[in-house]
Amino acid sequence: MRHLTPADYTEMPWANGKGVTVEMLRIIEDGALTVRLSRASVVESGEFSMFPGIERNLTVVTGPGFDLRGEGFHLRANPLTPVAFAGDVAVSAEAVTAPSDDFNVMTARHLPRPEVSVLSGATTLPQGGTLALFALGPGSVNGLLIDQYHLILTESSAETEGTMIAVRLWPGAIV
């Protein structure tokens, strides 16, 4: 089990210059991105950066949320409701009425899609694949006390307490 805290994360500007991403985890294989977990703030309407060959999943963790609009689709990014979309499609955030922070999962398209869910209270997650658990407040994973925005990575089952986002990736996704 790996325990990452905000001190382990890296801040980087968006490609469009309109914000900052806090990158928690990046896995590169054969020179290509396979997994990225990050957090960002959406403070105004505008275009998202494109990531060809990448599947994206976004969960608003604070704020009222916003609309995601691209060619042929419209999604509402409501608080604590994961939404998925392709990274190689032009997408804009619209109807931004107040700042919202979001948790992002990016995975290479040729790999199995992650399962993303929001947990609350006491939860038991069975073993299977790699689990990434992102705490939205104080909580615990397998008895380890964690604080808001801590990230736990494990290949085993997990007993969780508190509100967190659970991402189940394929086995061995995070070495």
Can you pull out the residues in the range 27-72 that are free of Cβ contacts under 8 Å to residues at least 12 places away in the same chain and either among the β-branched types (Val, Ile, Thr) or in contact with a strand residue (DSSP E or B) (Cβ under 6 Å, 6 or more places away or on another chain) (or both)?
Ile28
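Could you go through the range 87-108 and let me know if any residue there is out of contact with any Pro (no Cβ under 8 Å at 6 or more places or on another chain), without any contact (Cβ under 8 Å) to a residue 40 or more places away in the chain and β-branched (Val, Ile, Thr). Don't jump to the end; show me each part of the working.
Residues of the range 87-108 that are out of contact with any Pro (no Cβ under 8 Å at 6 or more places or on another chain), as a first pass: 89-96, 99, 101-104, 106, 108.
Okay, now just the ones that are also without any contact (Cβ under 8 Å) to a residue 40 or more places away in the chain, so 89.
Checking which are β-branched (Val, Ile, Thr) leaves us with 89.
Yes, that holds for at least one residue.
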Tell me the residue from Gly129, Gly87, Gly143, Gly121 that is at positive phi and in contact with a Phe, Trp or Tyr (Cβ under 9 Å, 6 or more places away or on another chain), please.
Gly129
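Within the range 62-72, is even one residue within 25 Å of Leu153 (Cα to Cα), at pLDDT 95 or above and surrounded by 12 or more Cβ atoms within 10 Å (Cβ to Cβ)? Spell out how you get there, then give the answer.
If we filter the range 62-72 for residues that are within 25 Å of Leu153 (Cα to Cα), which is where we start, we get 62.
Narrowing the set further to residues that are at pLDDT 95 or above leaves 62.
Applying the additional criterion that residues be surrounded by 12 or more Cβ atoms within 10 Å (Cβ to Cβ) yields 62.
Yes, the range 62-72 has at least one match.
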Restricting attention to strands (runs of 3 or more DSSP E) lying wholly within the range 31-131, give those where 3 or more residues are of a type outside the set (A, V, I, L, M, F, W, C).
32-42, 54-62, 66-70, 100-108
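Across the range 1-26, what is the total count of residues that are farther than 18 Å from Trp170 by Cα and touching a residue at least 12 places away in the same chain (Cβ under 8 Å)?
Filtering the range 1-26 down to residues farther than 18 Å from Trp170 by Cα leaves 3-24.
With touching a residue at least 12 places away in the same chain (Cβ under 8 Å) added as a condition, the list becomes 3-6, 8-11, 14-16, 18-24.
Residues flagged as farther than 18 Å from Trp170 by Cα and touching a residue at least 12 places away in the same chain (Cβ under 8 Å) within the range 1-26 amount to 18.
Determine, yes or no, whether Ser120 is surrounded by fewer than 17 Cβ atoms within 10 Å (Cβ to Cβ), under 17 Å from the mean Cα position of the chain (by Cα) and over 23 Å from Phe51 (Cα atoms).
Details: surrounded by fewer than 17 Cβ atoms within 10 Å (Cβ to Cβ): yes; under 17 Å from the mean Cα position of the chain (by Cα): yes; over 23 Å from Phe51 (Cα atoms): yes.
So Ser120 fits the description; yes.
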Test for Leu37: is it within 21 Å of Leu153 (Cα to Cα), surrounded by 14 or more Cβ atoms within 10 Å (Cβ to Cβ), at pLDDT 95 or above and not assigned by TED's automatic domain parsing to the domain that holds Thr160:
yes
Can you spot a residue in the range 49-61 that is at pLDDT below 95, outside the structural domain of Gln148 (by TED's automatic domain parsing), within 18 Å of the chain's Cα centre (by Cα) and crowded, with 17+ Cβ neighbours inside 10 Å?
yes
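The values are calculated or read from the model by the stated rules, or taken from the named source; none is laboratory data. Given the structure is predicted, the values throughout are model-derived calculations rather than measurements. Positions of Cβ are backbone-derived with ideal geometry, glycine not excepted, and every protein chain shown enters the neighbour counts.
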